[in-house]
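Everything on this sheet refers to the single structure shown next.
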Amino acid sequence: MRCWLKIEEMALEELMQRLNAVSQCADEIMHQDIIPLYAADIQDQLKKQFAYLSGGRGGDGCPVITFPDYPAFSEIPEKEFQNVLTYLTSIPSLRDAGIGFILVIDRRQDKWTSVKASILRIAASFPGNLQLVLVLRPTGFFHRALSDIAFRFNKDELKMKVPIIMLGSVSELQGYIDKTQLTEDLGGTLDYCHNRWLSRRTAIEGFAQKVKQTAQILQSFGTELAETELPNDVQSTSSLLATHTEKKDKMKEDIRVAVEQGDDILGSITKPVTENPDYKLNQDQLDNQTTVERLLAQLHETETAFDEFWMKHQQKLEQCLRLRNFEQNFREVKAALDIVSERLSAFTDVGNSRSHVEHILKDLANFKEKSDETVRKAKMLASERDAFIQSNHYAVDSIIPKCSELHHLCDAFTTEIERRRKLLNKSLELHDLLEKSMKWCDEGIYLLASQPVDKCQSQDGAESALQEIEKFLDTGAGNKIKELNKIYEEYAHILNEDLKDHVQKVFQKQESMEEMFQKRQVSLKKLAAKQTRPVQPVAPRPEAFVKSPCTSPGLQRENVSNSESSALRRVNYRKGKSEMTELHQSRGGSTMDDEENLAVLRQHVMNELIETERAYVEELLCVLEGYAAEMDNPLMAHLIPPELQNKKDILFGNMEEIYHFHNRIFLRELETYVEYPELVGRCFLDQMEDFQIYEKYCQNKPRSESLWRQFSDSVFFQECQRKLDHKLSLDSYLLKPVQRITKYQLLLKEMLKYSKNCEGAEDLQEALTSILGILKAVNDSMHQIAITGYDGNLNELGKLLMQGSFNVWTDHKKGHTKVKDLARFKPMQRHLFLHEKAVLFCKKREENGEGYEKAPSYSYKHSLNMAAVGITENVKGDAKKFEIWYNAREEVYIVQAPTPEVKATWVNEIRKVLTSQLQACREASQHRTLEQTQSLPLPLPASSCASPSRNHIRNTKKMEEKKADLTSLEGCGTTVAPKYPEKGKGWAKPSHSLDASEENDGWSSAEEPLNSSDAEEEGGEGGAGEIKLTPGKYTVVTDYDKGVSEEFTVKSGDLVQLIREGEDGLWFVKNLSSGREDWIPANNLLMFIGNSKSAQSLSSSESGTASSNLSTSSSCSDSCNVSSTSFSDIKG
C-alpha cells in the first residue's frame, strides 16, 4: 500500500512538470511572456486600421508596418495608438523584430501639417526598433512643394534615430520594398485582407489560450484525483470510479475539441496552398502555421501526459474496487459458512426409528445440496488469491490470509458433514437391526396367535405346531439381537439415553417372546406325547366368567333370551364354576392360549398406535422443516409471493405446538406402555388437557385452507415439494392433524374391544369418551367461529355445550296477532347454540366456494339468557318437538329436532344446565337466609310476617336435603344409579297435559309468585332416594354389549323397554330399535340408561297424560334476593 502511494505521488509530480512546461511553451509561442496583449482585447482598435502588419518584408527580412491614409489619425487616443503599435510589434518573431521594422506612412491625400504631426507622433510612440521610415508625401502641387520646402527647413526637428525618406510616388517606394511585399493600395501584389488577418490572429491566440487552459485544468484534475481518499465499501468505490471516469471522458472530449480547433486554424492557413500548389505563403502566414503546429504539439503532449497518469489512477481505483468486492464477498461467504455450520451443528439427533433416521439423512443430503453452493462460492473466492498476486495488487498482504481462512472453513465444514453422515448411517444400521428384531418378534407373536388351539389338542397337531415353532426359531440367527453388551460397545458413539432405552426394550421384548415360545414348546411337547385318556371338553355357562379379570370374548357363545333359560342359568351358576375348573384341567391351558391371543391382538393395536404416532411426528417435522422453515430462508425468499410473506402462522396454525407436544411428551409416554397396552388409556387421560391444542388448529383451518387455495400454484411450494420428494402437495399434510385426532378414537375402540375385562378397561372407556368429547368440542367450535352479527363476546356465554339445526315456531304473548297466528304454521330454519349461560338462535347461510370456503356461516338473530329459560320436554302430537320458553312463557319457541334421539340429547343437556343453575340459586339463597337469621337473634312478634320466617326455616332444611341429593347425583359416575327427586318434587313431577297455547306454565318469580309455604309443603312430601326402576321406555345414553346373550347390544340413542323384573335383580329388557330381548342386571341397566327418564313419566302419551316443565325462574339473581325464596320446578 505504501509502495503504491509512492508510485502515485511520483506520477502526479511528473504530470505537473509536463503540464507546467506546456503552459510556459504556449506563452513563449505567443510571446505572452513578454507582452501579455491579445487581439481580442484591442479588437475594436485594430479594426480602425490606422496601422497594420501586412506580412510584407524588406530586403533583409525586416517586417513592414503600414500606416495608411487615415484622416482622423490625429484624433486617435494615445492609449489606443500605443496598444496597436505595441501589439503589431509583438507579432513577428524575436529574430525579425530584432532587425528592425520598416514603416510605410502613406500621406498622399493629406496635408503637410498632418504629415509632420503623424511623423512626430509615430516617432514618439513606436515601441520597437526601426530600420527605415518611408513617407509618401502629399500629391497636390501646393502641398507637395510645401512639403519639400518644409522638410528641408524642419529636417532637424523631424530627425529620428533612423533615416526618413520622402517619396513622391509608389514607384519610388518600390525602389525600397519589393512590389511583391507591398499591398495593392501601395501598388504591390501582396494579398492582404485586414478583417481576415484580424480573425485569424484572434483564432490563433484563442487556440493558444485553450492549450494553456487545458494544461491548467488537467493539472487541477490530476491533483484532485491523487488527493482523493479511497472508500471502504463497494458502492462508494464504484461510484467514485464512475465519477472520475466521467470527468476524464469530459477532459478527453475538451482536448479533442481543442485539437479540432487547431486543425481547423491550420487548415485555413494552408488552404491557399492546398487549392493552388503554386501559391506561396508570405512570412506572416508561415509564422502563423508554425505557431499553430507548435501549439498542437503541446496539446498532444498534454493529452499524452494525462493519459499516462490516468492509466495509473484508474488501475488504482479498479484494484480498490476489486479489493472492496473481495472483502464484501468474503464477509457474505463467511457469514453463510457460519450459518450452514451452525445449522449443521443442529444435526445432533441420531433418530428414534429407521424412518426417522432416513428422514434425517434425507434432510442432511438436502442440506448438503443447499450448502454446496455456499462452499463452492467460498472456494471460488479463495482461488482468487493467485489472480491478486499475478496482478501485483497493492493489498495482496491482506488478501492472502482471508483466502487461507476460507480454505480452512470449507475443509472443516466438509469434514464435519461427512462425520455426521457416517454417524447417521451407523444409526440406520442399528435401527435396521432393531426393526429386524422387532419384526421377528411380531412374526413370532403372530405365529403363536395363529396356531389353532383345537388342532393342537391332537398329537399330530401338536407336533406340527412344534415344527412350525422350531422352524421359526431357526430364522432368528440373522434377525435377533444376540449380545446386548456388544451392541452397546459397537454403537457407543451414537447411543443416547433414549436410544439406549429403545435398544433395551427391544431386547426385553425379544427375551419375552422367546420365553413365550419356550412355554408354548413345553405345552406342545406335553400334548405331543401319546394321550392315553382323551378328555372331552365341556363348555361352561357364560355366567361362570363374570368374575374373571380378563374374559375371552370367544367363550361367550350361548344365546339364551327367554325367562326359562335365564332361570336355568341362575340355578346352574355354581355348577358352571365347577365346570369351568374342570374345563381348565381337561383342556390343558386352552384358556391361557385364548388370553395370549387377546394379548397378541392388544399388542398389535399398540404397535399400530406407536408406529403411526412416530410416522405422524415425522410427517409434522417434515412439513415444519421442509415448508415452514423454508419461508424464513433468505435463499428461497425470491420464490415467495409478496402476498404470502409474513403469513406462516396463518398457513400452518399451531402445528409447531402440536409437533412439540407429540414429539417431546405424548410419543414418549406411549412408548412406556408398549409392554402394557391394556393400560394405555391412562396415558391418554394424563395428557387429555394437552389435546385441547387441536381445537385451535381446527379453528384456524378455514383461514389456512383459503390461503393455500390462493397460492397453491406458487413456485415456492412446488420447489419445496420437489426437495422433499413428496408425491402429495402441502394441503394433504396440513390435514394430518385433523385426521390424527380422529384416528385416536378408532384405535381406542379397537383396544377396548380386546381389553373389556382387563385392568385398564375403565381408563380406556374414559379415554375414548374424552377423545370423543374433544372431537365434539372441536366440531362445535368450528361452527361457533362462523357466527356473525353477535355484538358481545361469545366467550362470556360459557362453554359451548351443543349446536344443531332445527325447525322453530314462535308463540309469544306479546306481539302482533297475525304474526302469532301464522307462527304456528310456518317454521323458521334456525341453528341453535347452547352455552352454559345462553342459547343463541342463528340463521344458517351457505357459502359458495370449495373446501373450507364452502363452510356455512351463521347469522345471529337473538339469544335467551339461561337464567330465565324453561323447557317443556314434550309437545303433543310430535315426539321430535320440545318447547323452550322465556320469562314465564312470555316468549315460547317450539323446537323440532331432526330425530327423537337428537331431541332427547338436547333436552337432557338443557335439563343439566337448568338444574345446575337452580342448585346455584338455592345455595345462594340459603347463604343469604342464614346471614339474615344470624342478624336477627330476637324472635319476631306474631304477625303476617311470621309465616315467611317459619317457611324460611323449612326452606333452608329443604335446600340442604336437595343439595345432598344433587351432590350424590353429580358423583354417581357410570356404575351408580343417579338420584332423582320423587314424584311431586322438582322437574320429575308429572303434570296435566297442556297445549302450547295454554298459560298455566312453569313458575316465574317475576310474574306469578306462589305462597312459599305451599310450595315447601308440596315439596316436602317424602325425601329423595335412589331411583327405583319401573317398567317403561327409556333412552340409552351410552353403548352397551354385556348382555347375557352375545347378540344383545344397545347404542347411545336407542329406545329400550323395561318389561318386568325377575329374580336376583335381573330385568327383562327389549331393544325397541333392534327388536332384541335379554335379561340385564339392574346395575348394568343404570349404567347405560344413566340420567334417562321413563317415557311414561317424562312425556305425554297419545292419550295425553302429562308434560314436564323445568325452569330456574326468570332471574336467578332476582329470586336469590328474596329472603323467603320459593323454588317450584313446575306449576300445578
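Restricting region 615-627 to residues that are surrounded by 19 or more Cβ atoms within 10 Å (Cβ to Cβ) and touching a Leu at 6+ places or on another chain (Cβ under 9 Å), the residue that is farthest from E358 (Cα to Cα) is Y627. Flag: D278 matches the condition of being of a type outside the set (K, R), loosely packed, with under 13 Cβ neighbours inside 10 Å, modelled with pLDDT under 85 and farther than 30 Å from S239 by Cα.
Among the residues of region 765-791, what is the count of those that are modelled with pLDDT of 85 or more and part of a loop (DSSP other than H, G, I, E, B)? Number satisfying all stated conditions: 3. Among the residues here, E369 qualifies as part of a helix (DSSP H, G or I) and either within 30 Å of R664 (Cα to Cα) or without any contact (Cβ under 8 Å) to a residue 24 or more places away in the chain (or both). In region 60-70, the residue that is nearest to L186 (Cα to Cα) out of those that are open to solvent by 10 Å² or more (accessible area, probe 1.4 Å) and of a type outside the set (F, W, Y) is P68.
Would you confirm whether or not region 296-306 contains a residue that is modelled with pLDDT of 85 or more and open to solvent by less than 10 Å² (accessible area, probe 1.4 Å)? Within region 296-306, not a single residue is modelled with pLDDT of 85 or more and open to solvent by less than 10 Å² (accessible area, probe 1.4 Å). Can you work out which of the residues in region 260-275 that are of a type in the set (A, V, I, L, M) and open to solvent by less than 30 Å² (accessible area, probe 1.4 Å) is nearest to the chain's Cα centre (by Cα)? Applying the filter and picking the extreme gives I265. Counting only helices (runs of 4 or more DSSP H) that sit wholly inside region 450-498, those with at least 1 residues that are at pLDDT below 85 and of a type in the set (D, E, K, R) are 453-456, 459-474. Of all residues in region 652-677, exactly one satisfies the criterion of being assigned to a helix (DSSP H, G or I) and either among the small types (G, A, S) or in contact with a Lys or Arg (Cβ under 6 Å, 6 or more places away or on another chain) (or both), namely P677. When restricted to residues that are in contact (Cβ under 8 Å) with a residue 40 or more places away in the chain, among the polar types (S, T, N, Q) and open to solvent by 30 Å² or more (accessible area, probe 1.4 Å), region 643-672 contains 1.
The C-beta contact set for region 78-103 (first residue in contact (Cβ under 8 Å) with a residue 12 or more places away in the chain, second residue in a helix (DSSP H, G or I) and basic (K, R), distance under 8 angstrom, 6+ apart or interchain) comprises F81/R121; I91/R201. Annotation: A777 fulfils all but one of (1) in contact with an Asp or Glu (Cβ under 9 Å, 6 or more places away or on another chain); (2) under 12 Å from Y694 (Cβ atoms); (3) open to solvent by 40 Å² or more (accessible area, probe 1.4 Å); the unmet one is (3). From the list L583, L601, the lone residue that is open to solvent by 40 Å² or more (accessible area, probe 1.4 Å), aliphatic (A, V, I, L, M) and modelled with pLDDT under 90 is L601.
Considering region 632-642, the residues that are in a helix (DSSP H, G or I) and without any contact (Cβ under 8 Å) to a residue 60 or more places away in the chain include one that is least open to solvent (accessible area, probe 1.4 Å), namely A637. If you check V257 against the conditions, is it surrounded by fewer than 19 Cβ atoms within 10 Å (Cβ to Cβ) and in contact (Cβ under 8 Å) with a residue 60 or more places away in the chain? When the stated conditions are applied, V257 does not pass them. Once region 865-918 is narrowed to residues that are among the polar types (S, T, N, Q) and at pLDDT below 85, the residue that is nearest to the chain's Cα centre (by Cα) is Q917. No other residue among R703, R709, R740 is under 28 Å from the mean Cα position of the chain (by Cα), of a type outside the set (A, V, I, L, M, F, W, C) and under 20 Å from E618 (Cα atoms) apart from R740.
What about F73, is it in contact with a Ser or Thr (Cβ under 6 Å, 6 or more places away or on another chain), surrounded by 16 or more Cβ atoms within 10 Å (Cβ to Cβ), closer than 28 Å to Q174 by Cα and not hydroxyl-bearing (S, T, Y)?
yes
Could you list, in sequence order, the residues of region 102-113 that are out of contact with any strand residue (DSSP E or B) (no Cβ under 8 Å at 6 or more places or on another chain) and either at pLDDT 85 or above or open to solvent by 40 Å² or more (accessible area, probe 1.4 Å) (or both)? Across region 102-113, the qualifying residues are Q109, K111, T113. If the condition is being among the hydroxyl-bearing types (S, T, Y), in a loop (DSSP other than H, G, I, E, B), at pLDDT below 80 and under 16 Å from M1087 (Cα atoms), then region 1031-1059 contributes T1038, S1052.
Within region 308-358, the residues that satisfy the criterion of being among the aromatic types (F, W, Y) and either assigned to a helix (DSSP H, G or I) or open to solvent by 70 Å² or more (accessible area, probe 1.4 Å) (or both) are F309, W310, F326, F330. Residues in region 446-470 that are under 13 Å from M516 (Cβ atoms) and open to solvent by 20 Å² or more (accessible area, probe 1.4 Å): Y446, L447, A449.
Of the residues making up region 81-101, those that are open to solvent by 10 Å² or more (accessible area, probe 1.4 Å) and either of a type in the set (A, V, I, L, M) or modelled with pLDDT of 90 or more (or both) are I91, L94, A97, I99.
Scanning region 872-927 for residues that are under 16 Å from M802 (Cα atoms) and open to solvent by less than 20 Å² (accessible area, probe 1.4 Å) gives F882, I884, V895, A897, K903, W906, V907, I910, R911, V913, L914.
The values are calculated or read from the model by the stated rules, or taken from the named source; none is laboratory data. Note that the coordinates shown come from a computational prediction; the quantities given were computed from them, not determined experimentally. As a convention, Cβ positions derive from the backbone with ideal geometry for all residues, glycine included, and neighbour counts pool all protein chains shown. Only protein heavy atoms, including side chains, enter the accessible area calculation; ligands, DNA and RNA are left aside. Shrake-Rupley method; radii C 1.70, N 1.55, O 1.52, S 1.80 Å.
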